[in-house]
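Student: Handing you a structure now.
The values are calculated or read from the model by the stated rules, or taken from the named source; none is laboratory data. Here the structure is a predicted model, which means the values were calculated and not measured. Using ideal geometry, Cβ is built from the backbone for each residue, glycine included, and neighbour counts are taken over all protein chains shown. Quick note on the areas: whole protein, heavy atoms, side chains included, nothing else; ligands and nucleic acids left out. Shrake-Rupley method; radii C 1.70, N 1.55, O 1.52, S 1.80 Å.
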Amino acid sequence: AVPCGIVLALHGLFLAGCGCYGAYTHGWEKKVMHSAYAGLGSMVALLVCAAMTVSGKRKPYMVGVHLALLLQLLFVIVFAVQAYRSFGAPEKADRFWLFIAMCLGSVAGLIGMRVFKPKPKPKDK
């Protein structure tokens, strides 16, 4: 459970860093602050899942892990769509690579969760 919590915390910090970097590159203008808010909100959601995962109790662990997997899949889809939409658009060219990084970071987080998620114990017949 702890390795899953670490993966989630690192993924959340990565998304928060990317979101804040996106806002920073535009001088923290009000019109781009949604980038920082989305990154920080994603981090909070993943940290809540991480806390549930390492709680030591079965139900919160199961909810935390599976909710985190769904969130990570959602992040992959959202950032892939955003990258697709910004590709070739001159006004969004500066964000394209940021969306690619966030998508790949989310793929890495999802893979990390699949690698470290404990396997179910086989039931004896």
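Student: Could you check the range 49-69 and list, in sequence order, the residues that are under 10 Å from Leu8 (Cβ atoms) and either of a type in the set (Ser, Thr, Tyr) or more than 12 Å from the chain's Cα centre (by Cα) (or both)?
Tutor: Ala51, Met52, Thr53, Val54, Gly64, Val65
Student: I'd like to verify a number: residues in the range 1-17 that are in a helix (DSSP H, G or I) and either crowded, with 22+ Cβ neighbours inside 10 Å or over 16 Å from the mean Cα position of the chain (by Cα) (or both), how many?
Tutor: Within the range 1-17, residues that are in a helix (DSSP H, G or I) and either crowded, with 22+ Cβ neighbours inside 10 Å or over 16 Å from the mean Cα position of the chain (by Cα) (or both) number 8.
Student: Scan (1) farther than 14 Å from Cys4 by Cα; (2) surrounded by 13 or more Cβ atoms within 10 Å (Cβ to Cβ); (3) without any contact (Cβ under 8 Å) to a residue 40 or more places away in the chain for the single condition Arg95 breaks and write down its number.
Tutor: For Arg95, the failing item is (3).
Student: I'd like to verify a number: residues in the range 98-114 that are aliphatic (A, V, I, L, M) and either under 23 Å from Tyr24 (Cβ atoms) or open to solvent by 100 Å² or more (accessible area, probe 1.4 Å) (or both), how many?
Tutor: The number of residues fulfilling the criteria is 6.
Student: While we're on this one: Given the criterion open to solvent by 40 Å² or more (accessible area, probe 1.4 Å) and β-branched (Val, Ile, Thr), identify the matching residue among Val78, Val65, Val32.
Tutor: Being open to solvent by 40 Å² or more (accessible area, probe 1.4 Å) and β-branched (Val, Ile, Thr) holds for just one of Val78, Val65, Val32, which is Val78.
Student: To continue, here is another question. Looking at Lys57, Lys117, which is the one that is on the phi < 0 side of the Ramachandran plot, surrounded by 15 or more Cβ atoms within 10 Å (Cβ to Cβ) and among the basic types (Lys, Arg)?
Tutor: Step by step, each of Lys57, Lys117 is checked, and only Lys117 is on the phi < 0 side of the Ramachandran plot, surrounded by 15 or more Cβ atoms within 10 Å (Cβ to Cβ) and among the basic types (Lys, Arg).
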